[in-house]
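Down below is the structure, laid out as structure tokens.
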Amino acid sequence: MTVRPAVVVGVGLGVVGTVGVAAHVAPSLVALSSVGRRISPRLAGVGLRGHVALTFDDGPDPTSTPHFLRVLDALDVHATFFMLGDMARRAPSLAAEVAAAGHEIGVHGDTHRSQLRLSPRAVADDISRARDAVASASGVEPVWFRPPYGTLSLGGVRGARRAGLRSVLWTAWGRDWRAEATPRSVVADVLHGYVDGGTVLLHDSDCTSAPECWYSALEALPILADELRGRGLRVGPVGEHGILIPDPVAA
Ligand SMILES: [Zn+2]
């Protein structure tokens, strides 16, 4: 799978413009670049220094998510799981189990389609359906929203706001969706990003990526937790990351 260069959606501040084409887990400039972090730090997932927000996208998946719950429990780490509405409808008890384990629940869209390929109305409908499905399955009211592929349209910003969700992307990722990813490569890729005060993206399902690639993220977790704690960083969910003040873009 080829990861093409960034899709960027201007969301105010005069940054409107789309670069590239939404491909499989295409990176978002807002999510990864220092420019994006400056334009909209809270949208990019910049929070408290000394803290790292750990996040997982694309679940809940009965094949893989229980393994993540087990390892996170052993590490005494809580994270934020950005769930797909479609997946939550298929595994509602697992969504509830994630919440019961003390993890934070976020919304990742309903069917994992790029917002750039949908009308503003369709995007808003997708987010609303996803929010309802995730809330119903998990039993909690989600607070956070992360769009598929990290591509956020203006309609997406508004749709998330109407659904009562705050949009947050990421500052570091493990590129764990690739078939060639290994636990070591995942750790190295994460640490290559903006980590201290940043938000880390991993995946607890392979439903949108290379089959069984989730093993690399799973096995990276203990190594990553050691590395981050060794740097004096606390690891936790987005809700403990200090992204509290309304942001001109993400509010
Ligand atoms: Zn995703």
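The values are calculated or read from the model by the stated rules, or taken from the named source; none is laboratory data. Everything quoted here is computed from the prediction, not taken from an experiment. Every residue, glycine as well, gets a Cβ built from its backbone with ideal geometry; the counts of neighbours run over all protein chains shown. Side chains included, ligands, DNA and RNA excluded: accessible areas come from the protein's heavy atoms. Shrake-Rupley method; radii C 1.70, N 1.55, O 1.52, S 1.80 Å.
Evaluate E = 1/(1 + (r/R0)^6) for Thr63 and Arg38, where r is the Cβ-Cβ distance and R0 equals 30 Å; express this FRET efficiency to the nearest 0.05. Display every interim value, and only then the final one.
Numbers: r = 39 Å, r/R0 = 1.30.
E(calc), rounded to 0.05, equals 0.15.
FRET efficiency for Glu141 and Asp76, Cβ-Cβ distance as r, R0 = 22 Å, nearest 0.05? It would help to have the intermediate numbers written out before the result.
Numbers: r = 25 Å, r/R0 = 1.15.
Computed FRET efficiency for Glu141 and Asp76: 0.30.
Between Arg90 and Arg49, full extension at 0.36 nm per residue minus the direct alpha carbon distance yields a gain of 11.0 nm. Computed over neighbours whose Cβ is under 12 Å from that of Arg49, the net charge equals +1, Lys and Arg +1, Asp and Glu -1.
Expressed as a whole percentage, what fraction of the accessible surface of segment 43-173 belongs to carbon and sulfur atoms when a 1.4 Å probe is rolled over the protein heavy atoms? Walk me through the numbers before you get to the answer.
Numbers: 2400 of 4740 Å².
Answer for segment 43-173 is 51 percent, counting heavy atoms of protein chains only.
Solvent exposure of Arg161, expressed as accessible area, is near 130 Å², computed with a probe of 1.4 Å over the protein chains only.
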